[in-house]
Every structure is written in structure tokens, then in C-alpha cells.
1. Which one of these does L83 not meet: (1) exposed (fewer than 14 other Cβ atoms within 10 Å of the Cβ); (2) closer than 23 Å to G35 by Cα?
2. Checking F129 against (1) of a type in the set (A, V, I, L, M, F, W, C); (2) crowded, with 17+ Cβ neighbours inside 10 Å; (3) at pLDDT 75 or above; (4) under 29 Å from R92 (Cβ atoms): exactly one of these is not met. Which one?
3. Any residue that is under 30 Å from P56 (Cβ atoms), modelled with pLDDT of 75 or more and not in a helix (DSSP H, G or I) - is there at least one of those in the range 114-126?
4. Just for the range 138-164: of the residues that are modelled with pLDDT under 60 and surrounded by fewer than 17 Cβ atoms within 10 Å (Cβ to Cβ), which one is farthest from K79 (Cα to Cα)?
5. When you go through A89, A73 one by one, which is the residue that is assigned to a helix (DSSP H, G or I), closer than 21 Å to V184 by Cα and touching a helix residue (DSSP H, G or I) at 6+ places or on another chain (Cβ under 8 Å)?
6. Select from the range 14-56 the residues that are surrounded by fewer than 16 Cβ atoms within 10 Å (Cβ to Cβ), in a helix (DSSP H, G or I) and at pLDDT below 75 and list them in ascending order.
Amino acid sequence: MSNWSHTFAQTLACAHENWSPGIGDPHVMSWVIVGVYVIAALAALTLAVLNSFDGPGAARERMFWGGIGVVLAFLAVNKQLDLQSLLTAIGRCHAQLTGWYDDRASMQRGFIRGLAAGALLTAVALAWFLRASLRRNALAVLGFAFVLGFVVIRAVGFHDVDHLISTEWKSLRVNWILELSGLVLILLAAIPRLRRE
């Protein structure tokens, strides 16, 4: 067995010991957010199937909405199964086994910068992919990039970021506001078109 595969096996064993599946957040607002994920996923999938896309880029537009629907459906399930905590456990175990856990702050800062760049590149790539129909899909592109950016940052599980987004503003947690913002943008793009159909 190679050194890499041995380290990988140890990492998975460590993560398995430190993670177990379960309900991520039993708060009623978390269930509301799951409901919004489901509504947004159904809206996107319905739009992909029923909407009469026309003009240049129609096939890409249908693929975009179908893709959003599938990803949002997965995120609705993941919201309460808390699978991202498994990724966090794997990262923490790997850092401890390979010896850079004590110097993780600089790695985390670089990772956050990379995530921000990735979210921006995702938005740009989607805008290019939908260039023929971007005007009517711009809100959905922005909302989808926002949701993905939030989910990835949340999955990383950095304590400073977790502390920041878990703070409350007028009895509302900042992470609720951030997570719902992207979903609302997607719904604002999808629902008027569904109503026209």
C-alpha cells in the first residue's frame, strides 16, 4: 500500500470515528429553509420541463434550470442530513495526520480566497453559458452562485466564519438570511415565468 493510500485510509477511519449522520439543525427555521429549497427545486424543475423556451440558447436555458433543480433538491436533503460536516471531519483529520493542523489559519485564509474566486468564476461561467438568454436568467444565475458560495463556505466549517454567520440580528441568524437570499433570487426569476405558463 502506498503512503498516499495509507494516509487516505487513516483519514477516512478518523473521519468515521468523528462523524455520524443525523439531523443537522432541529430549529424550526432550518426546516423552513428546507421547505424553501424544495419549493425552489420544484420551481426550477417545473420550469425546465414545462416552459416553452424559445430563441437562441433555449437548450442551454432548459439545461440550466434542470441543473439548478437537481442541485437544490440535493441541498434540501443535505440541509438536515448535515453531510458537509463529514467533509469538515475529513479535512480536520487529514490536517492532523499530515502535520499542518497547527498552521491551518493560513491555509484557511487561502481556501476562503479560493472559494470566493470559485463562486465568482461560477457566476461568470454560467453567465457565459446562458449568454443568449442571460437577461431573463440573470437573477437565477446570481442566486445560484450565492447559494453555492454559501453552502461551500458553510461546509468548510472554519470557526471564525461559523461564528460570524451564526450571529443574530433582530432574532434572525445571519446564516438564515444569507442562505435564503440566494433561494429568493432564484424564485424571483422562476415564479413569474411559471405564472405566465
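1. Going through the list (1) exposed (fewer than 14 other Cβ atoms within 10 Å of the Cβ); (2) closer than 23 Å to G35 by Cα, L83 breaks only (1).
2. F129 satisfies every listed condition except (4).
3. The answer is no; no qualifying residue exists.
4. Restricting attention to the range 138-164, the residues satisfying the condition of being modelled with pLDDT under 60 are 157-164.
Filter once more, so that each one left must be surrounded by fewer than 17 Cβ atoms within 10 Å (Cβ to Cβ): 157, 159-164.
Details: G157: 14, H159: 19, D160: 21, V161: 18, D162: 16, H163: 18, L164: 19 Å.
If we take residues in the range 138-164 being modelled with pLDDT under 60 and surrounded by fewer than 17 Cβ atoms within 10 Å (Cβ to Cβ), then D160 is farthest from K79 (Cα to Cα).
5. Numbers: A89 fails: closer than 21 Å to V184 by Cα.
Of A89, A73, the one residue that is assigned to a helix (DSSP H, G or I), closer than 21 Å to V184 by Cα and touching a helix residue (DSSP H, G or I) at 6+ places or on another chain (Cβ under 8 Å) is A73.
6. H16, E17, N18
The values are calculated or read from the model by the stated rules, or taken from the named source; none is laboratory data. Everything quoted here is computed from the prediction, not taken from an experiment. Glycine gets a Cβ as well: all are built from the backbone with ideal geometry, and neighbour counts include every protein chain shown.
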